[in-house]
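The values are calculated or read from the model by the stated rules, or taken from the named source; none is laboratory data. These numbers come from a predicted model, not from an experiment. Using ideal geometry, Cβ is built from the backbone for each residue, glycine included, and neighbour counts are taken over all protein chains shown.
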Amino acid sequence: MNITKKAQQVLTGSFSLEDALPTTMPSYVNSVAYLWGATIICSLVILFISGPLLALFGPDWYHFSSIGRFVNSVHFWGTQVFFASMLLHLVTKFFMGAWRDNRRLTWMLGVLTFLVAIPTALTGILSQTNWDSQWVAVQAKDALNAVGVGSFFNTMNTGQMLLVHVAVLPAIILVLGLAHVVFVRKEGPVKPYDSQTA
């Protein structure tokens, strides 16, 4: 069996070119409520560019070099935009009832992506290698020990936190996010409640 050929058949059978790159969109998509998903994607691209640079050049670079501090600031503010957009996206889609019309899986993928982003932010704070990260590491260690998972995740171990932050959790976010976008493109944007009867 040819896996590539099978993947092509599955994709072309359930996903048209118009679904992936639509030429026309419904008029209700012009609302600000539909903007936050694109903002999440844009900020995620910024994070996926600036993050590997920070990991590649290391703490000396992003603490003492002017370019490194700039990239660190871009990564920090990209994270703020990412979380603000994600929260606004989640809230607006909740009040729009985005799970309607058989979109439960799309909704759950989005919620799961948000839940994975939270420990990604925590491990990012722990990877900053400054006084704030040390204080947060101690507090997080106590919290993780209290819930019984401290033996698996040692927040005081900078190497482990950096690996989880740079490799493991972003890969999960990327897979979940891509799956979410594919389902949104396939099913189309959720209609507002008042257009259900139209």
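Things worth noting here:
- Condition check for Gly51: within 20 Å of Ala121 (Cβ to Cβ), of a type in the set (Gly, Ala, Ser) and surrounded by 15 or more Cβ atoms within 10 Å (Cβ to Cβ): yes
- Any hit, the stretch 140-157, residues being under 30 Å from Arg100 (Cβ atoms) and free of Cβ contacts under 8 Å to residues at least 60 places away in the same chain: no
- Residue within the stretch 137-157 that is of a type in the set (Ser, Thr, Tyr) and not in a helix (DSSP H, G or I) present: yes
- Every residue from the stretch 88-113 that is in contact (Cβ under 8 Å) with a residue 24 or more places away in the chain, of a type in the set (A, V, I, L, M, F, W, C) and in contact with a Phe, Trp or Tyr (Cβ under 9 Å, 6 or more places away or on another chain): Leu88, Leu90, Met96, Ala98, Leu105, Leu109
- Residue within the stretch 119-131 that is within 21 Å of Val175 (Cα to Cα), in the same structural domain as Pro170 (by TED's automatic domain parsing), crowded, with 17+ Cβ neighbours inside 10 Å and in contact with a His (Cβ under 6 Å, 6 or more places away or on another chain) present: yes
- Inside the stretch 43-70, residues that are over 20 Å from Met161 (Cα atoms) and assigned to a helix (DSSP H, G or I) make up a count of 9.
- Residue that is surrounded by 14 or more Cβ atoms within 10 Å (Cβ to Cβ), among the β-branched types (Val, Ile, Thr) and more than 13 Å from the chain's Cα centre (by Cα), where the choices are Val184, Val147, Val111: Val184
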